[in-house]
Structure formats: C-alpha cells, structure tokens
Amino acid sequence: MKIAPQINNKQAIEPSELIIRDDGSIYHLQLKPEHLANKIIVVGDPNRVKLISDRFEKVEHRISGREFHTHTGYFNGVRLSVVSTGIGVDNLDIVMNELDAVVNIDLKEKTIKSEHTQLEIVRLGTSGSLQEDIPTGSFLVSEYAIGFDGVLNFYEKQHDEDEIQLMKAFHEQIDYPTVLPLPYLVKGDKDLVDLLAPGNIKGITATASGFYGPQGRKLRLDTLFPTQNESLGKFNFNGHRITNFEMETSSLYGLSALLGHKASTVCAIIANRYRKEFTEHPSELISELIDMVLERLTS
Ligand code: R1P
Ligand code: URA
C-alpha cells in the first residue's frame, strides 16, 4: 500500500485537529517525543505492558491515559517502547496517528517535520484460528491482514498489485454481504514478517470489528452471515489462506504503510474456532511469545 502524495507540510495544524495537552503531550496517548522509542511493541491488553517491561533491564518512562499505557526502557541494550491499544481496530486509528504525530510532527509548532522518522512496530496479540491444522499453542505471523472493520476505507490510498489480486480472489470465492463494511487487504512489512516468521506459521489474518457476531460467535443472537467462518477458512489463493481472527492488525498495517512505518503482527493462537477449542495455558503461551519477540527485535 502506498500513500497518496502530500502537498503542503508547512502550515500549522489547527487546535481541533491535532490536540495537544497543557503539558505538551499528545491527546490520548499522553506522550511527548522523549517518551517514545523508535522500536515499539503494541499489545491489546494494558496488563501485558508490565508483563513485557518487567523483563527490561531499565524502565525510563511509564505513562498512561485511558487504555493506552506506555512503558519505555531497554532490553538487550536496545531502547523499546511497549504501548497498549486496548481492544479494537478503531483504537489503532488513534494509536497510529498519535504515535506518528509524536515523531513526525513538531508538537509545539504543530507543523509536519521535514525529516521523516520511521517506526518499527510489532503487535504482540492473541487470536483465534480458523483452520483445523493450526492448533492452539501456535504462534502466527500475519503476512497479510484482511480488514472487515472499514477504518482504512476512510483514507486515500493506492493498493499494491498483490493486495489487489488477493482482494479480487476474495470476492470471486466468497459471497460477502454488501450491507457489511467493504473488506480491504493490506500486507505487513516484509522485513518484520521475515524476522518473526521462522519457526512460526504465516497467514492472512482477518481483523474483525467485534469479538462475537463479527467473528461468527453465537451466544443468544443469530448472525447475518452464519457461514462466514467456514467461507473464510476455505479461501485459498496460490496457497494463501485466511488463518485467524483478531481485532487490530488491518488498520495497524494500513496506517503504518500510509504513514511510512514498518509493522508486523504475531499472535498466540489461544482458540481454535474450527475445532471449538480454547487453550488451557494462555498465560504461559503469552509469556513464551513475549520472550520470542523481545529476543528477535533486539538481537
Ligand atoms: C479480544 O479478546 C482481544 O484479544 C486480541 C484481539 O485482537 C482483541 O484485542 O488481541 P490482544 O490479546 O492483543 O488484546
Ligand atoms: N482474540 C480474538 O479476537 N478472537 C479470538 O478468538 C481469540 C482472541
């Protein structure tokens, strides 16, 4: 995915559009440039931030506002930030725009900096498998994400050829209800995907806008598209399969690409939706995933 060309970058952004707190920090994340490392791990659960920073040699900053908690410190001598996004792809619109603003906009002058800083972002999450052969306990790296959320549809963008081909195959193979937001497909950063992939599974991750109906879960309510998970699970284009459900990656990938950052997601598979199973050891699994990600990001 590519960004549409930008024209003017010297005009100050209006106070209602880029909101800065009295202490000079950005509105929701409450961060100033000195609080943030260029390598960032994003997680859904705010409690996971401490689980990760407890492994750091040193923690420099601990900042929180709402569900957005940030700890910045050092692991293996490398400066890292861990940021929680809370649950949901709509929050990634806030997180990505504000992380980018912290490094690429002068928060005092409110002008776009002439030199671009690129962030490296790894999402470390949990997820449900859609495939019989991807069991709970696996780690899955999202080579692509398909967004059923609609967030990225609000932005100007140009898709790459592989994204266009995969989306075309999706519409040929799946009769997706037109009343739902238009799905979009985006790829992760190749370098980060290649860093995380060895020994793990790669796939197309489905990003849903909710945990229950949007992921085909039925408690007391019927869903509009009851065959959704079966259809997604059967999709195959040149060996690319839709492997798992989670709730953040599509917008993380799309906005990172548009803003000139690198992003990749790796999730612990805690549920297998095909086999109707849930892992017995979610905490151990997440702990193992944290160790793997920290080592690979800093070696
Ligand atoms: C749902 O339980 C949450 O878990 C997954 C989903 O994406 C959603 O945020 O990720 P995290 O474990 O990172 O929160
Ligand atoms: N997170 C999700 O979004 N879905 C699952 O099934 C498990 C974790």
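The values are calculated or read from the model by the stated rules, or taken from the named source; none is laboratory data. Predicted, not measured: the structure shown is a model, and the values here were computed from it. A quick note on method: Cβ atoms are made from the backbone with ideal geometry, for glycine too, and the neighbour counts reach across all protein chains shown. The protein model used for the area step is the full one, side chains on, heavy atoms only, and it has no ligands, DNA or RNA in it. Shrake-Rupley method; radii C 1.70, N 1.55, O 1.52, S 1.80 Å.
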Enumerate the calculated ³J(HN,Hα) couplings along the range 56-66 in order (Karplus 6.51 cos²θ - 1.76 cosθ + 1.60, θ = phi - 60°), each rounded to whole Hz, writing x wherever the residue is Gly or Pro.
5, 5, 8, 10, 8, 9, 10, 9, 9, x, 6
Taking the convex hull of Cα positions in the range 1-90, its mean projected area over all directions (nm²):
7.9
Selection of GluC sites (Glu not before Pro), the range 148-232, meeting DSSP coil and at most 14 other Cβ within 10 Å
156
Extending each Cα 7 Å along its Cβ direction at residue 108 and residue 277, get the distance between those two points in nm, one decimal.
5.8
Based on the mean of other Cβ atoms within 10 Å per residue, sort peptides 190-198, 29-37 so the most packed one is first.
29-37, 190-198
Can you tell me the mean projection area, over all orientations, of the convex hull of the range 1-155's alpha carbons? Units nm², please.
11.1
Using a 1.4 angstrom probe on the protein heavy atoms only, could you order 269, 94 from most to least accessible area?
94, 269
Net lengthening on full extension, residue 38/residue 236 (0.36 nm per residue, minus Cα-Cα):
67.7 nm
Normalise the Cα radius of gyration of the range 33-298 by 2.2 N^0.38 Å (N = residues in it) and let me know the number.
0.98
Give me the Kirkwood hydrodynamic radius of the range 198-299, using the inverse of the mean 1/r over all pairs of distinct Cα atoms, in Å to one decimal.
15.7
Cut-off 10 angstrom, C-alpha nodes, Gaussian network model of the chain. Which of 83, 122, 179 fluctuates the most?
179
Give the residue from 121, 95, 136 lying farthest towards the positive end of the charge dipole for the range 92-138; charges sit on Cβ (+1 for Lys and Arg, -1 for Asp and Glu) and the dipole is referred to the Cα centre.
95
Where is the GNM fluctuation largest for the chain (alpha-carbon springs, 10 angstrom cutoff): 207, 243, 117?
117
Assuming R0 = 45 Å, what is the FRET efficiency of residue 155 and residue 299, from their Cβ-Cβ distance, to the nearest 0.05?
0.85
Probe 1.4 Å, accessible area per residue of the chain, Å²:
48
So if I place +1 on the C-beta of Lys and Arg and -1 on the C-beta of Asp and Glu, and nothing else carries charge, what would the dipole magnitude of the chain be about its Cα centre? I want it in debye, nearest 20.
220
Among 166, 260, 25, flag the residue with its Cα farthest along the positive direction of the charge dipole of the chain, charges on Cβ as +1 for Lys/Arg and -1 for Asp/Glu.
25
Could you give P(r) for the range 92-155, binned at 10 Å from zero, as whole percent values over all Cα-Cα pairs?
15, 34, 29, 16, 6, 0
Over 25 Å (Cα to Cα) among 10/108; 2/39; 50/218; 10/32; 39/187 -> 50/218
Debye intensity ratio I(q)/I(0), log10, the range 54-94, q values 0.15, 0.34 Å⁻¹ (C-alpha model)
-0.41, -1.10
Per residue of the range 268-279, what does 6.51 cos²θ - 1.76 cosθ + 1.60 with θ = phi - 60° give for ³J(HN,Hα)? Whole Hz please, x for Gly and Pro, Karplus curve as stated.
7, 7, 9, 10, 10, 6, 5, 8, 6, 10, 10, 4
